[in-house]
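Inspection log for the structure reproduced underneath, given as structure tokens.
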Amino acid sequence: MVKKLSLYLASSCLVGAATRYDGAASPIKSFISFLRNKSVLLVCPEIMGGLSVPRLPARITGSFPASGEKVLAGRASVKTKNGRDVTVHFIRGAQLVQTLIKSFHIHKSYLKSKSPSCGYGSVYKGNGVLAALLKKNNIRIVSL
């Protein structure tokens, strides 16, 4: 009998990759220890969507509460600190992650809190763009 591989999805900044907007990482030592001997797919939807490191910080804008769900529905946008619209990058990155999740049959994710991409239940009382898409597809989300 072949053992089924359990693969998790995680925000790459949580394990020490310098993918945040400011070129930093947000490593969580206890999370890194938890992941030992587990199969993990590390992603940064903002980079996957075509944004660089470093980049200007961005936030979801639109009617309150602004959320990733509204971005996906075309009723809100993601803009950088200087007003550049980067919505297309956030949506493209989330869609690429969604494709990977379906390809690898991932059912659980660990995402960076307070992020306009990955934030879950904490970004303007809504979710980030990726978190909204994962929630829509019934992927379990743990916010770190």
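The values are calculated or read from the model by the stated rules, or taken from the named source; none is laboratory data. Computed from a predicted structure; not experimentally measured. All Cβ positions, glycine included, derive from the backbone under ideal geometry; neighbour counts span all protein chains shown. For the accessible areas, the whole protein counts, side chains as well, though only heavy atoms, and no ligand, DNA or RNA atoms are used. Shrake-Rupley method; radii C 1.70, N 1.55, O 1.52, S 1.80 Å.
Here are the numbers:
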item	result
Zone residues, segment 20-62, relative to K81, backbone N less than 17 Å from point 7 Å out along Cα-to-Cβ	20-25, 52-61
Set of aspartates and glutamates with alpha-carbon distance to K135 below 20 Å, sequence-local pairs under 8 removed	E46, E69
Gained length - L7 relative to H105, 0.36 nm times residue gap less alpha-carbon distance	34.5 nm
Mean accessible surface per residue for segment 1-142, computed with a 1.4 Å probe while every protein chain stays in place, in Å²	55
Out-of-range pairs (alpha-carbon distance over 23 Å; input K29/K112; K29/K108; K79/K112; K114/K136; K81/K108; K38/K114)	K81/K108; K38/K114
In Hz, Karplus ³J(HN,Hα) per residue of segment 10-21 (6.51, -1.76, 1.60; θ = phi - 60°; x = Gly, Pro)	8, 5, 4, 5, 6, 10, x, 6, 7, 10, 5, 4
Charge-dipole axis of the chain as Lys and Arg at +1 and Asp and Glu at -1 on Cβ define it, positive-most pick from A132, G93, V53	A132
Gained length - S39 relative to Q95, 0.36 nm times residue gap less alpha-carbon distance	18.0 nm
Sulfur and carbon atoms: percent of accessible area, segment 10-71 [1.4 Å]	59
On Cα atoms only, tilt of 87-104 relative to the major axis of the chain in degrees	20
Test item: Cα-centred dipole of the chain, Lys/Arg +1 and Asp/Glu -1 on Cβ, debye	300
